[in-house]
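Trainee: The structure under discussion is supplied below as structure tokens; questions concerning it will follow.
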Amino acid sequence: METKLRRKSYVAFLVIFITLICACGSGCATKKDGKTANENEEKRTIFAMDTCMTLQIWGPQAKEAMDAAVAEIEHLDRLLSTGSPDSEVSMLNQMHEGVVGNDTAALLARSLALFFETDGAFDITVFPLMEAWNFTGDNPRVPSKKELAGLTRQVDSSLILFEPDNKQVSFPETVKIDFGGIAKGYTGKKIAELLKDYDVTGALLNLGGNVQLVGAKTDGSKWNIAIQSPKKDGYLGTVFTSDCAVVTSGGYERYFVEDGITYHHILDPKTGYPAQSGLASVTVICADGTLADGLSTALFVMGEKRALEFWRNRRYEFDCILYTDTGELLVTGGLKDCFSSELSYRIVE
Ligand code: ADP
Ligand code: MG
């Protein structure tokens, strides 16, 4: 058996590399120590939330803003990491009940709402499945059909009882939760809010494929954000935008191959297997980073038809770019004036 786990950080580096090419249109000159020539620019690369993140911030207090942003990312990582036994999420998964803090409460509320809105495509109770596949460790495996059938019966966010007023949460012992499909989007959104206290004129936050944009470039113009191609042969296109999140989910990000079959880390909660919806990647562009992240995962599970129906009902909240397994590139109507690509693509209304 030959297995290979492709860590997301490799892709994150690629995305960051491409994004930086675009970002450097803002005229940044990087010094050897990682700081930029202009005192009002600050750039830092960190490893958090199991991925490589590159943060760029512009403004009079860029250094203070960067310190605060990094501290907040590290705080959220400690809180939400399923890999660390004393995180708030891990404690909850061990105790099955408790009173949670503001961040976990906010994530629970958004995740449960998305579960119902997406008809179960987004489901934070997939964690026992993630463990069964060992996507949480270094040696992933294919669980038996019987094992997955037993586990999927317990995957159901409606089993979570959450009282937002007193932040009390409880669920059955068989349930375990994982915010992996939404945490980075929430983090990007939270940092964007935090940066407002620091007079930031612009920020480009690449949280491992989750791009959060704040304000504008130093010349006041928008950013061109490149969308990684699942085939790793360049990119699908670029989105010219500002003050929003650009979040991509793809089966190419973290996967392993066994007996010639590729298994990736976005699971269909109904089958327990990696979602095989006909989509190779989904990018969501949305003012709300939390929603962008949750939806990128959910639309990937839903597949083209359901994803576009979902978009038509909520087209004023977000836009998306779908790339199918057969190489079709679909772009929703709200992006028609800001998406460019050398590939042929279809605008969907
Ligand atoms: P990434 O984390 O690579 O940016 P996603 O945002 O799509 O990609 O999140 C994938 C992660 O979400 C998985 O690693 C797992 O933790 C979790 N997850 C997998 N399937 C689902 C699902 N159907 N609903 C909610 N979360 C999921
Ligand atoms: Mg997501």
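Trainee: Remind me, relative contact order of region 190-349 in percent, using alpha carbon pairs under 8 angstrom and six or more residues apart?
Mentor: Numbers: 300 pairs, mean separation 28.3, N = 160.
Once normalised by length, the contact order is 18 percent.
Trainee: So if a site counts as exposed when it's one of the trypsin sites (Lys or Arg not before Pro), its DSSP state isn't H, G, I, E or B, and it has at most 11 other Cβ atoms within 10 Å, what's the longest stretch of the chain without one?
Mentor: My reading of the result: 33-152 is the longest stretch.
Trainee: Could you pull out which residues in region 234-273 have an amide N less than 18 Å from a spot 7 Å beyond the Cα of residue 147, following the Cα-Cβ vector?
Mentor: What the label zone holds, given the 18 Å backbone N cut-off, is 255-273.
Trainee: Nearest 500 deg cm²/dmol is fine: what mean residue ellipticity at 222 nm does the chain get from its DSSP H runs of n ≥ 4 alone, each adding -39,500 (n - 2.57), divided by its residue count? Before the final figure, lay out the partial values.
Mentor: On the way: 9 runs with 110 residues, N = 349.
Mean residue ellipticity, 222 nm, calculated: -10000 deg cm²/dmol.
Trainee: Related question: Based on the Cβ-Cβ distance from residue 233 to residue 45, what FRET efficiency comes out when R0 is 30 Å, to the nearest 0.05? Mind dumping the intermediate values first?
Mentor: Values: r = 25 Å, r/R0 = 0.82.
Approximately 0.75, to the nearest 0.05.
Trainee: Related question: Give the relative contact order (percent, whole number) for region 80-170; include only Cα pairs under 8 Å separated by 6+ residues. List each step's numbers first, then the result.
Mentor: Working: 88 pairs, mean separation 28.8, N = 91.
Across region 80-170, relative contact order equals 32 percent.
Trainee: In whole Hz and in residue order, list the ³J(HN,Hα) couplings for region 187-195 that follow from phi through the Karplus curve 6.51 cos²θ - 1.76 cosθ + 1.60, θ = phi - 60°; x for Gly and Pro.
Mentor: Couplings: 4, x, 5, 5, 5, 4, 5, 4, 5 Hz.
Trainee: For the chain, find the longest principal axis of its Cα atoms and tell me its angle to the long axis of helix 304-313, 0 to 90°, nearest 10.
Mentor: Helix 304-313 sits at roughly 70 degrees to that axis.
Trainee: Could you give each residue of region 143-149 its phi-based ³J(HN,Hα) in whole Hz, using Karplus coefficients 6.51, -1.76, 1.60 with θ = phi - 60°, and x for Gly or Pro?
Mentor: x, 6, 4, 5, 4, 5, 4
Trainee: Expressed in nm to one decimal, what extension gain is obtained for the pair residue 64 and residue 216 from 0.36 nm per residue of sequence separation less their Cα-Cα distance? Intermediate values should be presented prior to the final figure.
Mentor: Values: separation 152, 0.36 × 152 = 54.72 nm, distance 1.90 nm.
Result: 52.8 nm gained on full extension.
Trainee: Pairs of alpha-carbon atoms within less than 8 angstrom and 6+ residues apart define the contacts here; what relative contact order does the chain have, in percent? Write out the running numbers ahead of the final one.
Mentor: Values: 707 pairs, mean separation 63.4, N = 349.
For the chain, the relative contact order is 18 percent.
Trainee: Once you have the Kirkwood Rh of region 248-312 from its Cα pairs, apply Stokes-Einstein at 4 °C and 1.567 mPa s and quote D in µm²/s.
Mentor: Working: Rh = 12.3 Å.
Result for D is 106 µm²/s.
Trainee: Decide, for region 80-170, between rounded, prolate and oblate: order the square roots of the alpha carbon gyration tensor eigenvalues as a ≥ b ≥ c, take rounded if a/c falls under 1.5, and otherwise choose prolate if a/b is larger than b/c, else oblate.
Mentor: It is oblate, given that a/c is not under 1.5 and a/b is not larger than b/c.
Trainee: Label residue 71 and residue 91 with points 7 Å out from Cα along Cα→Cβ: what is the distance between them in nm?
Mentor: Computed distance between label sites residue 71 and residue 91 equals 2.1 nm.
Trainee: Please determine, in degrees from 0 to 90 and to the nearest 10, the orientation of helix 102-117 with respect to the longest principal axis defined by the Cα atoms of the chain, where the helix direction is its Cα long axis.
Mentor: The answer is roughly 70 degrees.
Trainee: Checking a compactness column here: for the chain, what do you get for Rg(Cα) / (2.2 N^0.38 Å), N being the number of residues? Walk me through the numbers on the way to the answer.
Mentor: On the way: Rg = 19.6 Å, N = 349, 2.2 N^0.38 = 20.4 Å.
Against the empirical 2.2 N^0.38 Å value, I get 0.96 for the chain.
Trainee: Between residue 313 and residue 109, 0.36 nm times their residue separation minus their Cα-Cα distance comes to what? Numbers along the way, then the final one.
Mentor: Details: separation 204, 0.36 × 204 = 73.44 nm, distance 2.11 nm.
Additional length available on full extension: 71.3 nm.
Trainee: Which is farthest toward the positive dipole end of the chain among 267, 175, 287, measuring Cα position about the Cα centre, with Cβ charges +1 (Lys, Arg) and -1 (Asp, Glu)?
Mentor: Going by the charge dipole, the pick is 267.
Trainee: Figure the gain on full extension for residue 341 and residue 199 (residue separation times 0.36 nm, minus the Cα-Cα span) and round it to one decimal in nm.
Mentor: Numbers: separation 142, 0.36 × 142 = 51.12 nm, distance 3.41 nm.
Roughly 47.7 nm would be gained on extension.
Trainee: Return the long-range amide H neighbours of residue 288 (sequence gap of 5 or more, or a different chain), with a cut-off of under 5 Å between placed amide H atoms.
Mentor: Those lying under 5 Å, H to H, from residue 288 are 245.
Trainee: Right, next: Explain nothing, just compute: Karplus ³J(HN,Hα) = 6.51 cos²θ - 1.76 cosθ + 1.60, θ = phi - 60°, for every residue of region 220-235 in order, whole Hz, x for Gly and Pro.
Mentor: Taking θ as phi minus 60°, the curve returns x, 8, 7, 9, 9, 9, 7, 9, 4, 7, x, 7, 6, 10, x, 9 Hz for region 220-235.
Trainee: For the pair residue 158 and residue 139, how long in nm is the line joining their label points, each one 7 Å along Cα→Cβ?
Mentor: Placing both labels 7 Å beyond Cα along the Cβ direction yields 3.9 nm.
Trainee: Shape verdict for region 189-303, please, from the Cα gyration tensor: rounded (a/c under 1.5), prolate (a/b greater than b/c) or oblate.
Mentor: Numbers: a/c = 2.83, a/b = 2.01, b/c = 1.41.
Prolate shape, in that a/c is at least 1.5 and a/b is the bigger ratio.
Bear in mind these aren't lab numbers, they're just calculated from the coordinates by the rules spelled out. For clarity, every value in this text was computed on a predicted model and none was experimentally measured. Backbone-built Cβ (ideal geometry, glycine too); neighbour counts: all protein chains shown.
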